[in-house]
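Everything on this sheet refers to the single structure shown next.
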Amino acid sequence: MNQDHVVLNRTNQKMPLIGYGCWKVDKDQCADTIYNAIKVGYRLIDSAAVYANEVEVGQGIERAIKEGIVKREDLFVVTKLWNTCHHKDNVRPALQKSLKDLNLSYIDLYLIHFPIPLAYADIQKHALDWFEPGTQNMKIERSPLQETWREMERAVDDKLVRNIGVSNCNVQTILDMLTYAKYKPATLQIEHHPYLQQNRLIKWVKSQGIHITAYSSFGPISYLEMSEQAKNTKPLLDHDVIKSIASKHGKTTGQVLLRWAVQRDVAVIPKSMNMDRMKSNLDVFSWSLDDDDLAKIADMDIGLRFNDTVAYGLPIPLFD
Ligand code: NAD
């Protein structure tokens, strides 16, 4: 399986199996980083309103287009609706802000970031957050997901977004969505790496025609400053099993982790600000893992999640 894209339901649009993730891409280097990512070959950019760098992501895209490296239609731009904008009256203004910040006329894939409706805070005045402005209170808002989804669908009808999807949802949430969706989700974005393989979730979601995108493919590394558990877990990039598979194929451990996902038909969106790593992370289609490698990685599944709302001190065990 060396196909480099998947075909999305409803639109039949091709979504690249590898993209560039924008979380924690420093604002001051972000425009150059996104420009470089496109220059070295990334065609999918995974952004989000809450990453607070959409303006700079847009600048990087604009420069790449202006210099003729790509056309807008060659790119697949993803961004996400933040939790404080789930109310049916707030979805469209949030989307319009993302479009304005990214300086784009449409988004290829718009995701509901988390199935957690939080009290609205003025997006022009306040940074997007888990808490009400100036407090440590997380206030749930009575916004049914169904109403949020209707607005996502309306954005499709109004041609502001081409595909819509969800992130951090489980089977129960998606099962419910399928009972009312006019347009079913195109993709589900979830944490996915050898410590958290989520085989049953992936199998069922795919059986519904919904593609999976993995985030945090390298496991604990991006959670080191936020989670004790991440600090106390053996890094995947330095794990003996992954290292031995990497040396067998003459590849890096990062490439093994990414190849493992795309070989499962799961898209990946690694983040690196280092040009050499950015390039090497793209090399996942010219080679493959064998059955022995796959069996060894399968044995590493311990159901260990790092993007855990409880580990951040939030009063909601979302994944329970
Ligand atoms: P990641 O797994 O891509 O890891 C990033 C870290 O790995 C960085 O510290 C980077 O320096 C390092 N790295 C990258 N390539 C490397 C290589 N080849 N060798 C060694 N180190 C390397 O982590 P992530 O940022 O958590 O996830 C990727 C993207 O997924 C994010 O940028 C974001 O777009 C998305 N994401 C989405 C959600 C969600 O809730 N939907 C949550 C987390 C991340």
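Quick look at the numbers
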quantity	calculated
Prolate/oblate/rounded call for region 118-271, Cα gyration tensor, a/c under 1.5 rounded	oblate
Built amide H within the under 5 Å cut-off of L81, gap 5+	L111, I112, H113
Exposed GluC sites (Glu not before Pro) absent - longest run of the chain, DSSP non-H/G/I/E/B, at most 12 other C-beta within 10 Å	68-224
Helix-only CD estimate at 222 nm, as mean residue ellipticity for the chain, using -39500 (n - 2.57) per DSSP H run (n ≥ 4)	-10000 deg cm²/dmol
Å² of accessible area per residue within region 22-120, as computed with a 1.4 Å probe and no ligands counted	36
Set of aspartates and glutamates near K296 by C-alpha distance (under 17 Å), chain-local residues within fewer than 8 positions excluded	D238, D240
Segments 85-93, 38-46 sorted - mean Cβ within 10 Å per residue, highest first	38-46, 85-93
Distance between modelled label sites at W204 and I69, nm, 7 Å Cα→Cβ extension	4.1
Eligible lysines near K39 by straight Cα distance, threshold 27 Å, same-chain separation 8 or greater	K14, K24, K27, K66, K71, K80, K97, K100, K251, K271, K279
Shape of the chain, Cα gyration tensor, a/c cut at 1.5	rounded
Placed amide H near L44: partners under 5 Å, 5+ positions off or other chain	Y20, F76
Between region 36-83 and region 255-320, the Cα center-to-center distance that results, in Å	22
Built amide H within the under 5 Å cut-off of K139, gap 5+	A119, E132
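The values are calculated or read from the model by the stated rules, or taken from the named source; none is laboratory data. Quantities reported herein were computed from a predicted structural model and do not represent experimental measurements. Cβ sites come from the backbone with ideal geometry, for glycine too, and all protein chains shown count toward neighbours. All accessible areas refer to the heavy atoms of the entire protein, side chains included, with ligands and DNA or RNA removed. Shrake-Rupley method; radii C 1.70, N 1.55, O 1.52, S 1.80 Å.
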